[in-house]
Every structure is written in C-alpha cells, then in structure tokens.
1. Could you tell me what a quarter of the Cα convex hull surface of the range 59-143 works out to, in nm² with one decimal place?
2. So what's the back-of-envelope 222 nm ellipticity for the chain, counting only DSSP H runs of four-plus at -39500 (n - 2.57) apiece and dividing by all residues, rounded to 500?
3. Exactly which GluC sites (Glu not before Pro) in the range 28-111 are in a DSSP loop and have at most 16 other Cβ atoms within 10 Å?
4. For the range 118-187, what relative contact order do you get, as a whole percent, if you take Cα pairs closer than 8 Å and at least 6 residues apart?
5. Net charge around GLU57, counting only other residues with Cβ within less than 14 Å of its Cβ (Lys, Arg = +1; Asp, Glu = -1)?
6. What's the angle, to the nearest 10 degrees (0 to 90), between helix 68-78's Cα axis and the longest principal axis of the chain?
7. Pop a pseudo-label 7 angstrom from the Cα along the beta-carbon direction at both SER67 and LEU36 and give the gap in nm to one decimal.
8. With contacts defined as alpha carbon pairs under 8 Å and 6 or more residues apart, what's the relative contact order of the chain in percent?
Amino acid sequence: MTSSRGKWFPTVLEHPDSSCRIFCFPHAGAGPTAYLEWLRYIPEETDFFPVAYPMREQRRRESMPDSLQLLGQQIAAENAALFREKPCILLGHCAGAAIAYETAAALEAQGIIPNLLTVSAANAPCVPLTLSVDPQMELPQAAQVFKQFGFIAEPFASNEAYVRCFVPVLLQDFILFQNYCGRKGQKLHCPILEIHGEEDPMIQPERLKEWELYTDQLTHMTVPGAHFYFSPETLPRLMQAMLEKGQNQ
C-alpha cells in the first residue's frame, strides 16, 4: 500500500507486517519518482521509502543545503523515528550513495545502526571525482557538458524547457557532489554492500578496496550493465542481495 510520510518521503510503499525498510537515496538530478517503478520488485515483507531532496518535484521551491554532509544530517535528524521503527537498509545510487553514507553516520550518532548500507555505482568518499563542472557555467553550457558526460541525451540537452527546469537541479547536485568527493569520513558500525555495473565508466575498480575504510564488513557485487544498470534482471538480484545481507544482522 502506498502512502505519504511527510516532505522527505511523499510516496512510500508500506506493508503492515513488513520486517524491513529500504530507504532509497536518488542520484544527482533525480527525485523519488525516478525510483517508483522499482515498486514491482519490492518483496511483500519489505517497505520502500525513496527520499525526496529539496529543489525538485514537490519540494522544488526549497533550496539544497550547502553540503551533502548537512543534507544527510537533516534527513537523519528530521526522520529519526522512521529509521527506528523497523530494521532499515540504506541504498544510495552514485551521488545518492554519499548522501546515504552521511545519513548512516548521522543516524549512528543518534544510536541508530542501520542493518546495511548499499552503495550503488559509487566510489568511496575519499576518491576524487574524475569528472568536474564549472559552477559558474550558464545552463545551456552545463547541458552540453552533462551530455558529454552521458547524463543527458541529445534531444533533452537542446530542449530549452528541459534545460531551464532540470539542469539547475543536476548542476547544483553535481557541484555539491564534486565538493564532497575526496574527503575522509568515519568508519560505520554497519556492513556495506558495494554494487556496480561491469561497464560503469565512473567506477575506478582499482580503488573500490577503499570502501574498507568505512566498514569492517564489506561485500562487493558486480552486475551486467553500465552506470544505470537497472533492469528486470539486475533489480531482483540487488533486492535479494540487500535483504540477505541486511536481515542477517
């Protein structure tokens, strides 16, 4: 059954007898609706809570905080009760993995230990980005840069309405992400599952071992595909792996 749990979780899937709750942290430029089609892959005993960041969708008039650390701290502070209610798994994709990690760290400071942090298509926080943008770029230029990165398809990069509405969100998110990467963080008490597509150009395989700096319980998983490896074949595998790791804690 879908419902709302406030501004951070406007559309969630909840089951009365669920034993676990997955909190999904979207990638840069995205909101919770980008993950609603995942609902068909969520097992009946599991809740699914995609996070709504400021500056998009229903929260488009709100500003993003000044850093991903602050964003994670806000999510943890304002939703502590939701994270306490049931055993929880945090899942973040790309930049969302950094936000999920910072949320997990902030939750642990409140005495809430997630059962699992899943970092999807993400290098460790201490690894600098290989891509960068100029924060002073005009929106049309930013659209072309993101097209070169493979983040925006050609028809959209040249669409004025799309550039005006979507690119400011992606640009702001990416600036926060590039300012964040390259920093060291604390080791978590929860295990981490690292998963990425075999052909993901943003992953630096030789540095994946550095996720060991953030947990004593690290598992690596590779699936067919690129940066957005999501498919009817890979998503069930992801769900099964998360629930097996998370429910064994």
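1. With every direction weighted equally, the projected area is 7.1 nm².
2. About -10000 deg cm²/dmol.
3. GLU44, GLU45, GLU62
4. Rounded, it is 49 percent for the range 118-187.
5. Summing Lys/Arg as +1 and Asp/Glu as -1 gives +3.
6. 40 degrees
7. 3.5 nm
8. Contact order relative to length: 19 percent.
None of the figures in this text is laboratory data; all of them are computed from the coordinates on show. Given the structure is predicted, the values throughout are model-derived calculations rather than measurements. Glycine gets a Cβ as well: all are built from the backbone with ideal geometry, and neighbour counts include every protein chain shown.
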